[in-house]
Structures are given as structure tokens and as C-alpha cells.
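K.L.:
Once you've had a glance at the structure underneath, I'll fire off some questions.
Computed from the coordinates by the stated procedures, all read-outs in this text should not be read as laboratory data. Small disclaimer: the values here were computed from a predicted structure and weren't measured. Quick reminder, even Gly has a Cβ in these numbers, built from the backbone with ideal geometry, and neighbours come from all protein chains shown.
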Amino acid sequence: MTTGKTTCCIVGGGPAGIFLGYLLARSGVPVTVLEKHADFLRDFRGDTIHPSTFQLLDELGLLEEFLSITDFQTEQLWINFEGQRIAGPTFAHLKTKCKFIGFAPQWDFLNLLSQEAGKFDCFDLRMSTRATDVIREEGKVVGVRCESDKREYEIRANLVVAADGRNSTVRAVTGHTVVESGVPIDALWFRMDRPQHGEGETLGWLRDGHMLVTIPRRTHSQIAMVIRKGCFDQIKSQGIDAFRQTIRKVCPPLADVALSLKDWGQVKLLTVQINHMEQWFENGLLFLGDSAHAMSPMGGVGINLAIQDAVAAANQLVTPLRNGTLKLENLQAIQTRREPAARKTQRLQVRAHAILFGRSTGPDQAFSIPWTMRTAAWLFAPLLRRIAGRWIGLGFQPEQIQTKIVES
């Protein structure tokens with residue numbers, strides 16, 4: 001078994017892993033990022049980019065290039081509730097350069113970041129490379145064991161960062177566990193052609209206990225249907241035609257294109273989770289993003305929180321990694337900085353799930369909104385739109401890039 005060496009080895013080439021790898025490399029820290037897939041082309045990943053992330057891209061000088069690959073931008077989200085179009089969260093009041101959210105294919109985003117990172121000699125991205133275990137010596141994680149093209153080898157590192165998502169391999173092999181929060185829903189993801197006459201800025205469609213989220217893309221619409229947890233088999237038993245009829249009833253603009261949905265092979269189940277690790281680190285190992293705190297899709301905040309984690313980690317790690325003075329206290333400082341924002345967001349998501357989805361009784365109904373909440377939403381709509389826009393757009397702890405570029 002051959003052995004390589006780097007300063008930081010990041011397991012997982014998602015938003016947290018690639019963003020952190022880029023920030024470390026631009027600051028002169030040798031970094032190796034391991035991505036188990038051959039490319040970033042996977043459907044139904046987080047594509048919602050919020051003002052907080054646009055701000056970071058502007059700080060990096062990548063904003064204009066990124067805006068050119070966004071499929072859709074809007075300052076105001078809209079919800080269609082029982083056939084009535086209602087204004088949702090607004091971002092126009094935010095004190096940021098980009099007062100809107102955007103939708104961009106995650107593979108385009110990751111390709112852009114990895115290409116920029118590749119301009120630095122100390123950035124090493126290894127695709128089709130899977131981490132299988134960590135290496136420990138005297139109680140400290142000192143590297144990872146990898147598998148690529150049926151070849152096994154080791155990478156020794158001063159720090160291993162687990163950014164390999166909610167089903168983290170590193171978390172499993174190191175025996176770390178997560179605390180689960182009960183979630184009453186799952187989501188069915190599928191794509192359809194863009195309707196000729198649609199409402200592109202209307203993302204949420206709610207009718208008769210059903211909920212659809214429509215995300216406009218350049219050539220198609222990405223759709224999520226919220227369902228009660230564990231009900232997918234029951235929905236499938238009713239047949240694909242009944243499923244299409246539900247889509248057409250809830251979202252009339254999709255009535256014609258719904259016919260393109262031919263079989264259940266076109267529909268993917270996303271098991272919704274909200275969980276968190278009580279401790280994100282141990283000696284030589286750090287967890288970031290979904291591996292440390294899996295988020296619900298509600299609000300589309302997950303990718304943006306993961307990127308904020310990466311920025312906070314880079315701010316804390318660059319100097320000790322370059323100087324060879326990394327201590328456990330540096331890793332603890334990252335959790336201390338980022339955990340409150342993640343936990344506040346999760347508590348808000350859990351509360352929203354309980355209000356929207358915790359009262360439904362029938363297997364075909366995902367949500368039920370109590371009349372008290374409808375009245376409160378009507379009375380305080382302008383204020384709630386601004387509050388929701390700030391929570392979604394900026395989060396509870398937006399970060400700024402403090403690291404400096406080091407020319408190779």
C-alpha cells in the first residue's frame with residue numbers, strides 16, 4: 001500500500017469540501033480533496049444560492065462568473081395557496097450586494113470552484129476516490145485510507161476534514177453518532193419540461209393538503225412533492241396516473257407537461273433528516289456541513305450553511321496549518337462559532353415542520369395549516385416576509401472571508 005502526504009485531507013467534494021479546499025489552497029495550505037464520484041453531475045442536489053453566498057463569491061472575485069451560470073434570480077418568492085397567489089419571503093431589503101436568491105446547478109458551481117482552486121499548485125482534487133477508513137496513531141487521526149480504481153492507498157495529513165454529507169463514511173468508521181430530530185415528511189424529486197405559460201417565481205404550491213415546490217432551470221423544472229414520511233409505497237400503489245393527476249391539480253401550469261412522467265423510475269425519494277453531532281471534532285479530525293448537522297430542505301439553507309462552515313473553518317485553520325501549530329482548541333473554536341447558527345436553524349425547521357406537517361391525518365395529505373397560523377400570517381404578512389427573507393437570505397451567522405491569497 002502506497003502512502004501520500006498532505007497538510008489537510010478533505011473527504012467529500014460537495015459545497016463544504018470544495019469551498020474549504022479552495023480557501024485553504026489560495027492561502028498556501030497544501031490540500032487534497034477526495035470525491036468518490038467521477039464527476040459532480042448528480043440531480044436533485046441543493047441548487048439554491050442565497051445572498052450570503054453571493055457575498056462570499058463577490059469577496060473572492062467570482063461573482064460575475066457565477067451569475068452567468070445561474071438559471072434564475074428573484075428578489076421575491078411567491079406561494080400559490082389554494083389557487084391564490086401570495087407574496088412570500090422578500091430579499092430586497094437585505095444589506096448585501098445581491099438582494100436576491102439564485103438557482104444554479106450544483107455541478108456547475110462545484111466545477112467553477114474546483115477550476116479556480118486548481119489554479120493553485122497546492123490544490124489536489126482526486127475524483128473517483130473513496131475514503132474507506134481513517135488512520136490513527138496514539139489516539140490521533142493522522143490520515144485516511146482510500147480506494148481508487150480498485151487500488152488502495154493511504155494519505156497522511158495533519159488534519160482530516162469529513163465533509164462527506166449526511167451519510168458520512170468517516171463518521172461511521174470513527175464511531176461518531178448523531179442526535180436525530182423527528183421529521184414528519186419526505187420529498188419526492190423529479191424533473192419535467194418547463195411549462196410554456198408558468199409562474200417562474202412561484203416556488204410553493206399548496207392545495208388540498210398537498211405541497212409542491214417548483215424550481216425553474218434552463219431547460220426543465222425541478223420539482224419536489226412533499227409527502228408524509230413512509231408513504232411513498234402507498235402513493236406508488238395508487239399508480240403513476242393518480243400521481244400525475246395530483247400534480248396537475250396542485251400546480252395547474254404543470255398540467256400538460258405532467259404527461260412526460262411515465263414511470264416511477266423518474267421519481268427519486270429524498271429521506272428528509274434533521275440531526276446533529278454533539279461534538280464536531282476529535283484530535284486530527286473535523287466534521288463540517290451535513291456530516292455535522294443535516295438540514296431539512298426547508299428554506300434551501302443547507303448548501304449555504306455548509307459554505308459558511310467552510311469559511312469559518314478556513315478563517316480558523318489557515319495560520320495553524322501553515323505553521324504546523326494546529327491544536328484541538330482550533331477545531332473546538334470552529335464548532336463554537338458555527339454550532340449556534342446550525343442549531344437555531346434546525347430548531348426553526350423543526351417548529352415549521354410541526355406547524356405545517358404535524359397535524360395532517362390522511363395518508364394523501366402532507367400538510368395542514370391551523371386557522372390561527374393563517375390569521376397571524378395574514379395580519380403580519382409584510383413583517384413576516386422580511387423576517388423570512390433575512391433568515392433564508394443571510395442566516396443567523398453570516399461569515400466573511402478573513403484569509404488572504406498567497407500567490408504560488
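K.L.:
Output the Cα-based Rg and Dmax of region 1-42 in Å, rounding Rg to one decimal and Dmax to a whole number.
P.N.:
11.2, 31
K.L.:
Still on this model: Positive end of the charge dipole of the chain (Lys, Arg +1 and Asp, Glu -1 on Cβ, about the Cα centre): tell me which of Thr177, Phe281, His210 has its Cα farthest that way.
P.N.:
His210
K.L.:
Please name whichever of Thr48, Gly118, Leu94 sits farthest to the positive end of the charge dipole of region 27-129, dipole taken about the Cα centre and charges placed at Cβ: Lys and Arg +1, Asp and Glu -1.
P.N.:
My answer, from the dipole projection, is Leu94.
K.L.:
Once both labels are modelled 7 Å past Cα along the beta-carbon direction, what's the Lys249-Arg85 spacing in nm?
P.N.:
For Lys249 paired with Arg85, the spin-label model returns 2.4 nm.
K.L.:
May I ask you to list the trypsin sites (Lys or Arg not before Pro) in region 104-160 that are in a DSSP loop and have at most 13 other Cβ atoms within 10 Å of their Cβ?
P.N.:
Loop-located and lightly packed - Lys119, Lys150.
K.L.:
Pull up all non-local amide H partners of Gly13: gap of 5 or more, or a different chain, and H-to-H distance under 5 Å with H placed in the peptide plane.
P.N.:
Correct list: Lys36.
K.L.:
With +1 on each Lys and Arg Cβ and -1 on each Asp and Glu Cβ, how big is the dipole of region 26-166 about its Cα centre, in debye rounded to the nearest 20?
P.N.:
The dipole of region 26-166 has a size of about 300 debye.
K.L.:
List the trypsin sites (Lys or Arg not before Pro) within region 53-114 that fall in a DSSP loop (any state other than H, G, I, E or B) and whose Cβ has at most 12 other Cβ atoms within 10 Å. Mind dumping the intermediate values first?
P.N.:
Values: sites: Arg85, Lys95, Lys97, Lys99; in loops: Lys95, Lys97, Lys99.
Those satisfying the criteria are Lys95, Lys97.
K.L.:
Taking the convex hull of the alpha carbon atoms in region 22-129, what volume per residue do you get, in Å³?
P.N.:
Values: hull volume 12.0 nm³, N = 108.
Value for region 22-129: 111 Å³ per residue.
K.L.:
Okay, moving on. How much of the calculated P(r) for the chain lies past 40 Å, in percent of all Cα pairs?
P.N.:
On the way: 14718 of 83028 pairs.
Every Cα pair in the chain considered, those over 40 Å come to 18 percent.
K.L.:
If we count every other residue with Cβ under 14 angstrom of Ile69's Cβ, Lys/Arg +1 and Asp/Glu -1, where does the sum land?
P.N.:
After counting each charged neighbour, the total is -4.
K.L.:
Once you have the Cα-Cα distance between Asn167 and Gln73, take 0.36 nm times their residue separation minus that, and quote the gain in nm to one decimal. Please list the in-between numbers first.
P.N.:
Details: separation 94, 0.36 × 94 = 33.84 nm, distance 3.08 nm.
Result for the pair: 30.8 nm of gain on full extension.
K.L.:
Still on this model: Could you state the number of Å between the C-alpha centres of region 120-199 and region 7-55?
P.N.:
So the separation of the two Cα centres works out to 11 Å.
K.L.:
Any idea what the dipole of the chain comes to, in debye rounded to 20, about its Cα centre with Lys/Arg Cβ at +1 and Asp/Glu Cβ at -1?
P.N.:
860 debye
K.L.:
Count neighbours as other Cβ atoms within 10 Å of each site's Cβ, and list the GluC sites (Glu not before Pro) in region 1-105 that are DSSP loop with at most 11 such neighbours.
P.N.:
Glu82
K.L.:
Expressed as an acute angle from 0 to 90° and rounded to the nearest 10, what is the orientation of the C-alpha long axis of helix 15-26 relative to the principal long axis of the chain?
P.N.:
So the inclination is approximately 40 degrees.
K.L.:
A further question on this structure: Which cross-chain or sequence-distant (5 or more) residues have an amide H under 5 Å from the amide H of Phe72, H modelled 1.01 Å from N in plane?
P.N.:
For Phe72, the qualifying residues are Phe103.
K.L.:
I need the calculated FRET efficiency for the pair Glu329 and Lys404, taking r as the beta carbon distance and R₀ as 30 Å, to the nearest 0.05. Walk me through the numbers on the way to the answer.
P.N.:
On the way: r = 22 Å, r/R0 = 0.75.
That gives a FRET efficiency of 0.85.
K.L.:
Using a Förster distance of 30 angstrom, determine the FRET efficiency expected from the C-beta separation of Thr2 and Glu180, and round it to 0.05.
P.N.:
Step by step, r from the Cβ atoms, then E = 0.15.
K.L.:
Next question, about the same structure. Can you pull the Kirkwood radius for region 58-191, inverse mean 1/r over Cα pairs, to one decimal in Å?
P.N.:
Numbers: mean 1/r = 0.0510 Å⁻¹.
After inverting the pairwise mean of 1/r, the radius is 19.6 Å.
K.L.:
I've got another one for you. In region 55-211, what percentage of the DSSP-assigned beta bridges are antiparallel, given to the nearest 5?
P.N.:
Values: 23 of 27 bridges.
Within region 55-211, antiparallel bridges account for around 85 percent of the total.
K.L.:
Karplus couplings for region 343-350 from phi (6.51 cos²θ - 1.76 cosθ + 1.60, θ = phi - 60°), rounded to Hz, Gly and Pro as x?
P.N.:
Taking θ as phi minus 60°, the curve returns 5, 4, 5, 5, 5, 5, 5, 4 Hz for region 343-350.
K.L.:
What angle do you read, to the nearest 10 degrees and between 0 and 90, between the alpha-carbon axis of helix 240-250 and the longest principal axis of the chain?
P.N.:
80 degrees
K.L.:
Efficiency by 1/(1 + (r/R0)^6): what FRET value for Gln273 and Arg42, r their Cβ-Cβ distance, R0 = 22 Å, to the nearest 0.05?
P.N.:
0.80
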